[in-house]
Amino acid sequence: MVYPHQTDQGNDSVRLRPTQLADLDYVLKAENAPENAVYIRQWSRDRHQEVIDDADEAHFILDAGGQPVGYVILQDLLNPDQSVMLRRLVITEKGKGYGQQALALIFQQVFERHGAHRLWLDVKRDNDRAKYLYSKVGFVYEGCLRESLKTATGFDSMEIMSILQREYRQRQQP
């Protein structure tokens with residue numbers, strides 16, 4: 001099933017579709033690619049399958065022109081506080097606007113379909129490309145989790161960003 005909320009930009013419009021088990025080779029390759037691996041933890045095939053099977057999480061493939069261009073993981077869809085986490089957004093075809101299109105679809109999914117009050121994420125402090133994109137589409141910086149992520153070379157700090165449903169709706173008005 002492809003979700004009806006799609007951006008409309010010709011043949012390269014991004015669609016959001018549920019990840020299938022057959023997609024996991026692509027997902028694992030995407031997260032292990034050097035340009036992505038530095039910013040996200042690598043998961044096992046089994047961990048990705050758990051997300052696919054969990055009602056509180058959602059795993060999506062971003063598709064453009066019939067080809068995968070990334071994937072998305074949402075977490076806490078059943079959170080009683082209506083605060084959903086954007087756990088992962090991985091784009092494999094960078095520089096083509098797919099990230100911004102993907103976020104528009106994620107907003108529709110979270111705020112329209114699930115009725116969430118808040119969408120939040122954490123992003124590595126040195127991931128300037130991602131932070132720029134998140135700010136551009138309306139995410140607001142909330143704070144820093146100092147040296148909260150242990151890596152092979154030490155500790156990294158994570159920045160917390162969020163967007164509220166009312167902020168999303170205000171951005172939708174002409």
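The values are calculated or read from the model by the stated rules, or taken from the named source; none is laboratory data. Quantities reported herein were computed from a predicted structural model and do not represent experimental measurements. So basically every Cβ, Gly included, is an ideal-geometry build from the backbone, and we count neighbours across all protein chains shown.
Data for the structure
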| read-out | value |
| --- | --- |
| In segment 12-26, the residues that are modelled with pLDDT of 95 or more and either in a loop (DSSP other than H, G, I, E, B) or closer than 23 Å to D126 by Cα (or both) | T19, Q20 |
| Identity of the residue in segment 111-131, of a type outside the set (A, V, I, L, M, F, W, C) and assigned to a helix (DSSP H, G or I), that ends up farthest from S162 (Cα to Cα) | R113 |
| Number of the condition not met by S148 [criteria: (1) assigned to a helix (DSSP H, G or I); (2) without any contact (Cβ under 8 Å) to a residue 24 or more places away in the chain; (3) small (G, A, S)] | (1) |
| Selected residue (criterion: surrounded by the fewest Cβ atoms within 10 Å (Cβ to Cβ)) from residues of segment 74-103 that are within 11 Å of L121 (Cα to Cα) and of a type outside the set (D, E, K, R) | S83 |
| Close pairs from segment 77-98: first without any contact (Cβ under 8 Å) to a residue 40 or more places away in the chain and closer than 18 Å to F60 by Cβ, partner acidic (D, E) and part of a strand (DSSP E or B), Cβ under 6 Å, at least 6 apart | none |
